Amino acid sequence: MPQLLAITGSPSAHSRTAVVVEHALRRLSHAGFETGHLSVRELPAADLLAARRGEPEIRRALEAVAEADGIVIATPVYKASYTGLLKAFLDLLPQDGLTGKTVLPLATGGSLAHVLTIDYALRPVLAALGARHVTAGRFVLDSSVERGHGPDRLRPEAELDLFQAVDEFADALRADALRTADTVDTAALTTAP
């Protein structure tokens, strides 16, 4: 089964974006995927901003990206774009850092005016990093994340919409895994004596 990594770019310790990602990861985990979560805010800021790729925590984060088959990239929208924190991390990836990977972009924000952030700000960066397949992302309004009364949760309509995107992402991952297996099998057959 493909291995998945979620990367969240929120600087907030009480992030609505993290709530959305946790819902997505639970759904993917229940579907049998191995999942991990990298919160960029937990990386050493000095190493991140100075692009010290060789420092242990940064190196481990970059290795986790390299090992993953699928990536969930999630960010709150600040100033009509993804966060500078996420940008600092994406800048550490090699130019082909997402080559061969299926990616699900997610964004959260206070207004539907920011819904195009995924397509106009985030998707071009993911494509430039070589993502094989960037699935249809989702924008979740901050008001759809209910907090303060028990565990954080999403309003039902937001959760259904998110789960549709997650299920499409899972289907794309399975299809990519089958294509890769077929390519390996075909290569083995053509090189067999």
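The values are calculated or read from the model by the stated rules, or taken from the named source; none is laboratory data. Bear in mind that the values here come from a model prediction, so they are computed numbers and not experimental data. A quick note on method: Cβ atoms are made from the backbone with ideal geometry, for glycine too, and the neighbour counts reach across all protein chains shown. For the accessible areas, the whole protein counts, side chains as well, though only heavy atoms, and no ligand, DNA or RNA atoms are used. Shrake-Rupley method; radii C 1.70, N 1.55, O 1.52, S 1.80 Å.
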Among (1) open to solvent by less than 30 Å² (accessible area, probe 1.4 Å); (2) of a type outside the set (Ser, Thr, Tyr); (3) outside any helix (DSSP H, G or I), residue 19 falls short only on (3)
Search the range 33-52 for residues that are under 29 Å from residue 168 (Cβ atoms) and open to solvent by 40 Å² or more (accessible area, probe 1.4 Å) and pair each with any residue that is part of a loop (DSSP other than H, G, I, E, B) and of a type in the set (Gly, Ala, Ser) when their beta-carbon atoms are under 7 Å apart and the residues are at least 6 apart or on different chains.
41/10
Condition check for residue 72: out of contact with any Phe, Trp or Tyr (no Cβ under 7 Å at 6 or more places or on another chain), open to solvent by less than 10 Å² (accessible area, probe 1.4 Å) and assigned to a helix (DSSP H, G or I):
no
Has the range 113-133 got at least one residue that is crowded, with 19+ Cβ neighbours inside 10 Å and in a loop (DSSP other than H, G, I, E, B)?
yes
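Looking at residue 72, is it modelled with pLDDT of 95 or more, closer than 23 Å to residue 152 by Cβ, in contact with a Gly (Cβ under 7 Å, 6 or more places away or on another chain) and of a type in the set (A, V, I, L, M)? Even if it seems obvious, please write down each step before you answer.
Values: modelled with pLDDT of 95 or more: yes; closer than 23 Å to residue 152 by Cβ: yes; in contact with a Gly (Cβ under 7 Å, 6 or more places away or on another chain): no; of a type in the set (A, V, I, L, M): yes.
For residue 72, the condition - modelled with pLDDT of 95 or more, closer than 23 Å to residue 152 by Cβ, in contact with a Gly (Cβ under 7 Å, 6 or more places away or on another chain) and of a type in the set (A, V, I, L, M) - is not met.
Based on what the data block shows, is residue 88 open to solvent by less than 30 Å² (accessible area, probe 1.4 Å), in a helix (DSSP H, G or I) and of a type in the set (Gly, Ala, Ser)? Outline the logic, then answer.
Values: open to solvent by less than 30 Å² (accessible area, probe 1.4 Å): yes; in a helix (DSSP H, G or I): yes; of a type in the set (Gly, Ala, Ser): yes.
So residue 88 fits the description; yes.
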Among the residues listed as 121, 128, the single one being at pLDDT 95 or above and out of contact with any helix residue (DSSP H, G or I) (no Cβ under 8 Å at 6 or more places or on another chain)
128
Could you check residue 193 against (1) modelled with pLDDT under 95; (2) part of a helix (DSSP H, G or I) and say which number it fails?
(2)
So which residues in the range 154-184 are in contact with a helix residue (DSSP H, G or I) (Cβ under 8 Å, 6 or more places away or on another chain) and free of Cβ contacts under 8 Å to residues at least 24 places away in the same chain, if there are any at all?
155, 157, 158
Check off (1) closer than 19 Å to residue 133 by Cα; (2) in contact with a Ser or Thr (Cβ under 7 Å, 6 or more places away or on another chain) for residue 9 and give me the number that stays unchecked.
(1)
